Amino acid sequence: MNVGVLALQGDFREHLIALSDCGVSAKLVKTPAEIAEVDALVIPGGESTTISKLAKAFDLFDLISKRIADGLPTYGSCAGMILVSKSIIDPASNQETFGGIDMQVRRNAFGRQTESFEVDLDFKGISGSQIRGVFIRAPWVENYGPGVEVLASVEVGGVSHPVAVSSGKVLATAFHPELTGDIRVHKYFLEELCK
Ligand code: GLN
């Protein structure tokens, strides 16, 4: 299997390392030809507005949207979660998403950069110790359709907000497992969604 990490902006190198540590063949992708060839795609954390603008500028936007709609296994972390959502509650002007999961996300839901935080999470389908969630100006899932499975949530003010979800072949986390050295979320993606 040939896993591509979208390398337009953001922490794509960290995803590449995590995937390599899982023992799969992974490479950075940023041209239409490269994206046409991958068997799975990872969309990194970073800045979703920048990634979507660059995807348009490099003629990748429609191709990525179509490949995801056609069933390409895809994992988005943080900005990547925003990009695989159906819509954004508070988008930057003209901000569009690739789609993939029938959900609406709220950008910067936990507050500003200085309100970034870490917390241990129960992740449905991953056994053993909890998963360390690194949240950097992260989104949360505000609402979602019937085909979406919630895998992890964070409670704020007594309200539970989904921060890891999957639907069909698409996985999204509001946090950054690629920054922790714990490769279990990447393994989950490869074993549960890419088969
Ligand atoms: N707030 C960023 C956005 O809207 C996401 C931040 C991140 O990926 N760490 O894209």
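Please treat every number below as a calculation from the coordinates, not as lab data. Owing to the predicted nature of the structure, the values given are computational and were not obtained by experimental measurement. Don't worry about glycine lacking a Cβ; one is built from the backbone with ideal geometry, like all the others, and counts go over all protein chains shown.
Hey, which lysines would be in cross-link range of Lys187, C-alpha to C-alpha under 20 Å, not counting anything within fewer than 8 residues on its own chain?
Lys187 reaches Lys27, Lys124, Lys169, Lys195.
With a 10 Å Cβ neighbour count serving as the proxy for reagent exposure, in which order, fewest first, do Thr74, Thr114, Thr31 appear?
Ascending Cβ contact count within 10 Å gives the list Thr114, Thr31, Thr74.
Would you grab the residues whose amide H sits under 5 Å from the one on Thr74? Only those 5+ places off in sequence or on another chain, please, with H modelled 1.01 Å from N.
Residues meeting the criterion, in which the H sits 1.01 Å from N, are Leu41, Val170, Leu171.
Run the paramagnetic zone check for Asp39: 7 angstrom along Cα to Cβ, then residues of segment 141-170 with backbone nitrogen under 14 Å.
No residues fall inside that zone.
So what is the diffusion coefficient of segment 14-60 in µm² per second by Stokes-Einstein at 10 °C and 1.306 mPa s, using a Kirkwood Rh over Cα pairs?
Result for D is 134 µm²/s.
Going by Cα centres, segment 1-44 and segment 45-89 are how many Å apart?
Taking the Cα centre of each part, segment 1-44 and segment 45-89 sit 13 Å apart.
Could you calculate, for the chain, the ratio of the Cα radius of gyration to the Kirkwood radius, expressed as Rg to Rh?
Checking Rg against Rh, the ratio lands at 0.93.
Once segment 79-167 is represented by equal point scatterers at the alpha-carbon sites, with solvent omitted, what log10 I(q)/I(0) does the Debye formula produce at q = 0.10, 0.13, 0.15, 0.22 Å⁻¹?
With no solvent term, the Cα-only Debye profile gives -0.25, -0.42, -0.56, -1.16.
Pop a pseudo-label 7 angstrom from the Cα along the beta-carbon direction at both Gln113 and Glu192 and give the gap in nm to one decimal.
With each label point 7 Å from Cα toward Cβ, the separation is 3.3 nm.
List the extent of the Cα atoms of segment 131-195 along each of their three principal axes, largest first, rounded to whole Å.
So the three principal-axis extents are 36, 30, 16 Å.
Per residue, how big is the convex hull of segment 1-103 when only Cα atoms are used? Give it in Å³.
84
Grab the beta carbon distance between Ser127 and Ser25, set R0 = 35 Å, and tell me the FRET efficiency rounded to 0.05.
Using R0 = 35 Å, I get an efficiency of 0.85.
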